[in-house]
Amino acid sequence: MQIISPEIDLPTLIAQLTDRGVASFKILAEEFRLALLEEAESYRYIPLPEVVGSGEKVVRQQMSRFNDFSAHSKYILLEDSFQDWLTGEIDRWGEDPFVYPLDLNSYELVKYEPGSLGITPHRDGFRYKNIICIFIIAGHGRFFVCSDRSGSDAQELNASPGNVIVMRAPGFVGPGSRPFHFVKDIQSTRYVFGLRQKI
């Protein structure tokens with residue numbers, strides 16, 4: 001079974017991350033995506049706190065999480081396949097766009113119920129390095145990047161099932177800071193797989 005078929009090359013990805021801080025492109029082979037969905041539907045999820053942070057940095061969210069994957073999980077296969085592809089692209093390009101050696105070692109499967117508020121504008125923490133990857137497994141939800149916590153200058157990205165949204169993080173060599181982003185309009189059960197590098 002084919003796992004991934006990225007519709008982008010590394011120089012284009014790096015250019016988009018440098019310019020906008022984010023990129024979205026088709027990557028999951030459809031048969032494999034459906035297998036990921038079947039696995040996702042088999043898990044029991046832990047609800048996350050609906051309010052995190054405090055003061056001006058408060059974030060509201062409605063979602064649940066699973067991250068207790070077995071070694072035979074298709075999500076571990078996805079993690080390995082994506083890292084192998086990215087490492088191969090770096091070798092072919094001859095330039096490493098990351099300060100830290102690439103090791104996508106932090107992952108979670110997130111479930112949004114229909115009608116969920118999603119998550120309000122926020123940035124992923126400094127503990128995550130190089131890039132943030134969000135694979136859209138199934139469901140409808142709108143994903144935006146914006147300028148600040150109020151959601152100013154919001155720009156919508158393609159968050160269709162089968163796509164991955166990639167955002168720059170500390171350690172990406174291009175200019176710019178971590179992008180603010182948010183999710184809303186959850187119209188059907190939505191599963192996303194977050195893949196990050198924690199140091």
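FYI, it's all coordinate maths here, none of it is from the lab. Computed from a predicted model, the values in this text were never measured in an experiment. Glycine also receives a Cβ, built like all others from the backbone with ideal geometry; neighbour counts cover every protein chain displayed.
Here are a few things to note about the model shown:
- Region 21-125, relative contact order [Cα under 8 Å, separation at least 6], %: 31 percent
- Among (i) -1.16, -1.37; (ii) -1.07, -1.24; (iii) -1.23, -1.57, the entry derived from the coordinates for log10 I(q)/I(0) by the Debye sum over Cα atoms at q = 0.17, 0.19 Å⁻¹: (iii)
- In terms of distances greater than 21 angstrom between alpha carbons, the cross-link table entries LYS74/LYS184; LYS26/LYS129; LYS26/LYS57; LYS111/LYS184 yield LYS74/LYS184; LYS26/LYS129; LYS26/LYS57.
- Note, ³J(HN,Hα) from phi for region 15-29, Karplus 6.51, -1.76, 1.60, rounded to Hz, x at Gly and Pro: 4, 5, 5, 5, 6, 10, x, 7, 8, 9, 7, 5, 9, 7, 5
- For PHE180, the amide hydrogen comes within under 5 Å of the amide hydrogens of CYS146, counting only partners 5 or more places away or on other chains and with H modelled in the peptide plane.
- Net charge, ARG190 excluded, C-beta distance under 9 Å - Lys, Arg +1, Asp, Glu -1: 0
- Expected 222 nm ellipticity per residue - DSSP helices of 4 or more, -39500 (n - 2.57), all of the chain, to 500: -7000 deg cm²/dmol
- Sparse-neighbour loop sites [trypsin sites (Lys or Arg not before Pro); region 108-199; at most 14 other C-beta within 10 Å; DSSP]: ARG127
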